[in-house]
1. Condition test on Ala59, is it at pLDDT 95 or above, exposed (fewer than 12 other Cβ atoms within 10 Å of the Cβ) and of a type outside the set (Phe, Trp, Tyr)?
2. Could you say which residue among Ala34, Ala14, Ala61 is over 18 Å from the mean Cα position of the chain (by Cα) and closer than 30 Å to Gln97 by Cβ?
3. Got a sec? Which of Leu9, Leu20, Leu45 is hydrophobic (A, V, I, L, M, F, W, C) and either within 30 Å of Ala79 (Cα to Cα) or modelled with pLDDT of 80 or more (or both)?
4. Given the structure, is Gly8 in contact (Cβ under 8 Å) with a residue 24 or more places away in the chain and exposed (fewer than 10 other Cβ atoms within 10 Å of the Cβ)?
5. Between a first residue in the stretch 79-98 that is within 13 Å of Val64 (Cα to Cα) and a second residue that is among the hydrophobic types (A, V, I, L, M, F, W, C) and surrounded by 15 or more Cβ atoms within 10 Å (Cβ to Cβ), which pairs have beta carbons less than 6 Å apart while being 6 or more apart in sequence or on different chains?
Amino acid sequence: MGETELSGLLADQAALFGVLNRLHNLGLTLLIVARTDQFSDQKELLYKNITKIALKGIALAMGVAVIVMSALKTLDIEAGISMLGMGLAALALANFQE
């Protein structure tokens, strides 16, 4: 017989018991259950990546908005400078995370 390793994030203890119950109902033999901090590192990395993407999206959106509003001749200079400033600040925050 072979062995299979399962790993993943579970929301709480009830979720763990649900997985254990399913394994039991399938008639599978459980060899070991271990808690690791490996996933907390992965979760933190995931949050950092999501934040970085969101900040870059904000910067892109501000730049596009300035271009579109300028083309439509609905952009006043102060609003354009403010939007570009917000975009630059978002890019700075995204790069600061690295």
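The values are calculated or read from the model by the stated rules, or taken from the named source; none is laboratory data. What you see is a predicted model, and the numbers here were worked out from it, not measured in a lab. Cβ placement follows ideal geometry from the backbone for every residue including glycine, while neighbour counts extend to all protein chains displayed.
1. Judged against the criteria, Ala59 is not a match.
2. After applying the criteria, what remains is Ala61.
3. None of the other options fit; the residue is Leu20.
4. Yes.
5. Once the first residue is within 13 Å of Val64 (Cα to Cα) and sits in the stretch 79-98, its partners that are among the hydrophobic types (A, V, I, L, M, F, W, C) and surrounded by 15 or more Cβ atoms within 10 Å (Cβ to Cβ) give Gly80/Val66; Met83/Met62; Met83/Ala65; Met83/Val66; Leu84/Val66; Met86/Met62; Gly87/Ala59; Gly87/Met62.
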